[in-house]
Amino acid sequence: MIKIEVDDKDVRALLEKVKRRAEDPAPLMRQIAGIMADEVEENFEKEGRPKWRPLRPSTIKARARKGHWPGKILQVSGKLAASITQKADATSAQVGTNRAYAAIQQFGGTINHSARERVLHFKQAVRGQVTFGRPGTGDKFAKKSKAHYAMKVQGKAYQQTIPARPFLVLTDGSLKKIRDKILDWLRGD
C-alpha cells in the first residue's frame, strides 16, 4: 500500500491568518470606502465615466450670465461634490450625499413647476415717455434697482427634464482595486 503525506503547515497557517483577520474586517471596510470616495471624486473631475450628457446651450448661457461658465457639469457651486461622505463599519462600506437634489442628478427625471406670479421690471427706452407695458415701444427688461416701472405677470406651469448624470458609480477598474485590496488584506500585505 502507498501512503502519501501532505505537509500543509503553510496552508493551515495561511488559513489561520485569514480567520484572524476576518474577525475584524472594519479596517478593510474603511479602505474600501476610501477607494469608493476617490472614484466618485474622479467621476466629478472627469464629468462622468462614461461621459455625462453635455449641458444644453440654454443652460450654458444661463450659467455664463451668472458667472458660472466655463465650468464643470454638476459643479456650479461645488456643494454636491463637496458633500460626498464615506462611512464604514465591520460589515459595510458606503459613500453618499445628503443633498436633496442629488437623486435627480444621479438618476434623472422630470420636475413639474407650477404656474406662478412674477414681477417683471422694465427700463423705458425714452425717459419720460409714457409707454407702460405697450409692446413695441422699445422698453427693456432691467434690474429692479434700474427699472422705471414693473408689471405683474402670470407665468405658465412647465416641466423640466433633468438627464441622468450618475456620479455615484464604480468602474470596472475601481472594482478591481477593491478586489485587489481585499486579497492584499486577507494575505496580510
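Residue count for the stretch 170-181 under the criterion of being among the β-branched types (V, I, T) and surrounded by 14 or more Cβ atoms within 10 Å (Cβ to Cβ): the result is 1. Among the residues of the stretch 86-129, the ones that are in contact (Cβ under 8 Å) with a residue 24 or more places away in the chain, open to solvent by 50 Å² or more (accessible area, probe 1.4 Å) and not hydrophobic (A, V, I, L, M, F, W, C) come to 13 in all. Taking the criterion of being out of contact with any helix residue (DSSP H, G or I) (no Cβ under 8 Å at 6 or more places or on another chain), open to solvent by 40 Å² or more (accessible area, probe 1.4 Å) and over 24 Å from L183 (Cβ atoms), would at least one residue in the stretch 21-42 satisfy it? No, that holds for no residue. When every residue of the stretch 28-35 is checked against the conditions, at least one turns out to be farther than 21 Å from F107 by Cα, more than 24 Å from the chain's Cα centre (by Cα) and at pLDDT 90 or above.
The values are calculated or read from the model by the stated rules, or taken from the named source; none is laboratory data. The shown structure was predicted, so the numbers you read here are calculated from the model rather than taken from an experiment. Note that each Cβ is placed from the backbone with ideal geometry, even for glycine, and that neighbours are counted across all protein chains shown. Note: accessible area is taken over every heavy atom of the protein model, side chains too, but ligands, DNA and RNA are not part of it. Shrake-Rupley method; radii C 1.70, N 1.55, O 1.52, S 1.80 Å.
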